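Participant: Below is one structure. I have some questions about it.
The values are calculated or read from the model by the stated rules, or taken from the named source; none is laboratory data. Predicted model, so just to flag it, every value in this text is computed and none were measured. Ideal geometry is used to build each Cβ from the backbone, glycine not excepted, and the neighbour counts take in all protein chains shown. SASA here: full protein model, heavy atoms, side chains in, ligands and nucleic acids out. Shrake-Rupley method; radii C 1.70, N 1.55, O 1.52, S 1.80 Å.
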Amino acid sequence: AYERRFPTCPLIPMFVASDTVSEYKSEDKAIHVIERRCKLDIDAPRLLKKIAGVDYVYFIQKNSLNRRERTLHIEAYNETFSNRVIINEHCSYTVHPDNEDWTCFEQSASLDIKSFFGFESTVEKIAMKQYTSNIKKGKEIIEYYLKQLEEEGITFIPRWAPPVECKSESSTSHTRRPVSPAVNIPDSATKEALNNKEILNTSGSPSEPTAGTPDDKLDADYIKRYLGDLTPMQESCLIRLRQWLQETHKGKIPKDEHILRFLRARDFNIDKAREILCQSLTWRKQHQVDYILDTWNPPQVLQDYYAGGWHHHDKDGRPLYVLRLGQMDTKGLVRALGEEALLRYVLSINEEGLRRCEENTKVFGRPISSWTCLVDLEGLNMRHLWRPGVKALLRIIEVVEANYPETLGRLLILRAPRVFPVLWTLVSPFIDDNTRKKFLIYAGNDYQGPGGLLDYIDKEIIPDFLGGECMCEVPEGGLVPKSLYRTAEELENEDIKLWTETIYQSASVFKGAPHEVLVQIVDASSVITWDFDVCKGDIVFNIFHSKRAPQPPKKDSLGAHSITSPGGNNVQLIDKVWQLGRDYSMVESPLICKEGESVQGSHVTRWPGFYILQWKFHSMPACAATNLPRVDDVLASLQVSSHKCKVMYYTEVIGSEDFRGSMTSLESSHSGFSQLSAATTSSSQSHSSSMISR
């Protein structure tokens, strides 16, 4: 009766179609597993579908029928937006333990919304509505098909019995359960390997993890193929840290390989690894590092004079990066480009390294999570010890160490001259102990002898400038023409431009001096969206409405309305003579945001006019009963220095012509980027409803 709802079911209007992805039947016909890709037309507002860019959503459903055990297990998970929303559903039909003529039905589901364009709560409501509707209709649908079978004269299906010729074999396999009927299912993907494991456990034990939980991904094949050897303790640390990220981090979750790098960098101390990982995730988001390979083109000076590039791989399959540091004019590059351009270029090299590690993992069929760097120091002299150049190098090392731990598998330093110990003395204190252990240093031509380059790199790919036969396309470097040098003022402006080529803007918030952004709305029912990170201190976020435009901020940086600081701008729009309730009104309840949190949300405007988004310094209240500050308040206040906060923000307005629906105000959702936030908080505060969930 259940199978009759496929490939589509007229009783479920949202179920448009389905296609069979894979199917397996055991030789004794006891096991039948079929996996389908289902196309659904979700009842969602047109605006949400337009923002998401889809008309239909797709789910993968796997039905496992075990005639021997008389069970049917149904598992489903979403394929569409799986990086933003995780939906898992499990249903089971089993025989009642006290009466074999009764059928037991159990159903459970889980929903985890990481981020959804600021519409997280709306998606949650839609999902709950659809799920509730399906539960109510489930019994009605199964009874409809049972009646249909009865009308066709099918009222009884005999129980499964093992084939006569395989009776003894079947009996033996029954005592050895669980058997392995899934061996013939292709294991072309990790998900397939997971499904194989689940088929072996069709007893429906509640202690077994359902699809989508952190535990299920780490089966033996997955670990061996993508992660390498892990002890049970290390595997447990990875699962726990990833689960914590899924619960608290609204945004892109790093891959297991990347999480594992941070754990290894801190010897699998979860608290320490979580701290540096969260700091790195905030840093990546602020500077849009995830998009650097697609959105940033290195200046021509770098392409011509930066003597470094990728060159095949070493004997272990690691990507090989060649750097001819001795041929590079570090002073000329810093004078022509500035520190920021050099740093960004090094970041793009590291991002390319991560990509190449993923590719080599697929090519070689084993986990490759780091690369090898070959540094040729031929030509290194005292000009490389130019102080601003060394300073830039130290800063680059510091950023790379903090955000790309355990990515350097081996560093081969060749043809080290006598001046090298001086440079090494300056640089080595900034390099992690674990990283320093991976350094191999060769003086002169020692790299050509036993224990040299041939132990780590195949002879066929040794670069020609090191006596090999392989042509290396790495630029030869050389002196940067002084005509390309820039003044300090030009470089400063260029540096600011480089790091603000993102959709985010930086703002400073002071005690008594909030930062405010003006949004003019012409059509009512437009949607104002926001996304901001609280980088320092605690703030209060407000939204106000006024029928008249506020006075533009003054131009001078010393004026009361505009403050310019190295950490970002501060603009105040609400005049001090304005009165709340007369000149302007509050349209959303204040939202307190803690340091390290990321907040996304939207507001549907009710009137045209001028809306002001405000980030205000949050003062810790004293204890009401004793007028004495609480210990927590004192500790929190110590974290905020000089009464200054910093936010990185982005706002956008969606026109009313793109909005259809009856939502009044959409929620803000928090996520903790730092160790300060141990749990996710979603809050909705609007003029029509108020809800807080933790």
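Participant: Please calculate how many Å² of accessible area region 2-152 carries per residue, with a 1.4 Å probe and no DNA, RNA or ligand atoms counted. Write out the running numbers ahead of the final one.
Facilitator: Details: 8330 Å² over 151 residues.
For region 2-152, the solvent-accessible area averages 55 Å² per residue.
Participant: For a 24 Å ceiling on Cα separation, which of these pairs sit above it: Lys25/Lys62; Lys129/Lys285; Lys39/Lys139?
Facilitator: Working: Lys25/Lys62 13 Å; Lys129/Lys285 33 Å; Lys39/Lys139 22 Å.
Check vs 24 Å cut-off fails for Lys129/Lys285.
Participant: Quick one: what do you get for region 2-152 if you divide its Cα Rg by 2.2 N^0.38 Å?
Facilitator: On the way: Rg = 17.0 Å, N = 151, 2.2 N^0.38 = 14.8 Å.
The reported ratio for this selection is 1.15.
Participant: Follow-up. If you place +1 on the Cβ of every Lys and Arg, -1 on the Cβ of every Asp and Glu, and leave all else neutral, what size is the dipole of region 369-478 about its Cα centre, to the nearest 20 Debye? Please list the in-between numbers first.
Facilitator: Values: 11 positive and 15 negative charges, 129 e Å.
Here region 369-478 has a charge dipole of around 620 debye.
Participant: Rounded to the nearest 20 debye, what is the charge dipole size of region 292-484 about its Cα centre when +1 sits on each Lys and Arg Cβ and -1 on each Asp and Glu Cβ? Let's see the in-between values first.
Facilitator: Numbers: 22 positive and 26 negative charges, 125 e Å.
Once rounded to the nearest 20, the dipole reads 600 debye.
Participant: Could you check the spin-label model distance between Ser589 and Asp316? Points 7 Å from the Cα along Cα→Cβ, value in nm.
Facilitator: Between Ser589 and Asp316, the label points sit 5.5 nm apart.
Participant: Further question: List, in order, the whole-Hz ³J(HN,Hα) value for each residue of region 88-97 obtained from phi through the Karplus relation with A = 6.51, B = -1.76, C = 1.60 and θ = phi - 60°; use x for Gly and Pro.
Facilitator: The phi angles translate into 10, 9, 9, 10, 8, 10, 9, 7, 5, x Hz.
Participant: Semi-axes of the equivalent ellipsoid of region 220-287: what are they in whole Å, largest first, if each equals the square root of 5 times a C-alpha gyration tensor eigenvalue? List each step's numbers first, then the result.
Facilitator: On the way: eigenvalues 86, 33, 24 Å².
Here the semi-axes work out to 21, 13, 11 Å.
Participant: Ignoring any ligand, DNA or RNA, what whole percent of the accessible area of region 2-152 comes from carbon and sulfur when the probe is 1.4 angstrom? Let's see the in-between values first.
Facilitator: Numbers: 4240 of 8330 Å².
Carbon and sulfur atoms account for 51 percent of the accessible area of region 2-152.
Participant: Given a Förster distance of 56 angstrom, what is the FRET efficiency for Val522 paired with Arg4, based on the Cβ-Cβ distance and rounded to 0.05?
Facilitator: On the way: r = 53 Å, r/R0 = 0.95.
That gives a FRET efficiency of 0.55.
Participant: May I ask you to give the percent of accessible area on region 220-287 that is carbon plus sulfur, with a probe radius of 1.4 Å?
Facilitator: On the way: 1460 of 3130 Å².
In region 220-287, the share of accessible area belonging to carbon and sulfur is 47 percent.
Participant: Cross-link list Lys114/Lys547; Lys576/Lys646; Lys547/Lys616; Lys29/Lys362; Lys437/Lys594: which exceed 32 angstrom alpha carbon to alpha carbon?
Facilitator: Working: Lys114/Lys547 36 Å; Lys576/Lys646 23 Å; Lys547/Lys616 22 Å; Lys29/Lys362 36 Å; Lys437/Lys594 39 Å.
In this structure, Lys114/Lys547; Lys29/Lys362; Lys437/Lys594 exceed 32 Å between Cα atoms.
Participant: Still on this structure, I have one more. What FRET efficiency comes out for the pair Asp98/Lys511, r = Cβ-Cβ distance, R0 = 51 Å, nearest 0.05?
Facilitator: 0.15
Participant: Ignoring any ligand, DNA or RNA, what whole percent of the accessible area of region 302-460 comes from carbon and sulfur when the probe is 1.4 angstrom?
Facilitator: On the way: 3590 of 7010 Å².
Result for region 302-460: 51 percent of the exposed heavy-atom area is carbon or sulfur.
Participant: Quick one: 3J(HN,Hα) in Hz for region 394-408, Karplus 6.51/-1.76/1.60 with θ = phi - 60°, rounded, Gly and Pro as x.
Facilitator: Per residue, the Karplus-derived 3J(HN,Hα) values read 5, 5, 4, 4, 4, 5, 5, 4, 6, 10, 10, x, 6, 9, 8 Hz.
Participant: Which whole-number value in Å² is the accessible area per residue of region 292-484, probe 1.4 Å? Before the final figure, lay out each step's value.
Facilitator: Details: 9220 Å² over 193 residues.
Result: 48 Å² per residue.
Participant: So how far apart, in nm, are the two label points at Ala443 and Trp607 if each is 7 Å from Cα heading toward Cβ?
Facilitator: Result for the modelled spin labels: 8.1 nm.
Participant: Another question about this same structure. Say R0 is 30 Å: what FRET efficiency, to the nearest 0.05, do Lys255 and Val419 get from their beta-carbon distance? Before the final figure, lay out the partial values.
Facilitator: Values: r = 41 Å, r/R0 = 1.36.
That pair, Lys255 with Val419, gives E of 0.15.
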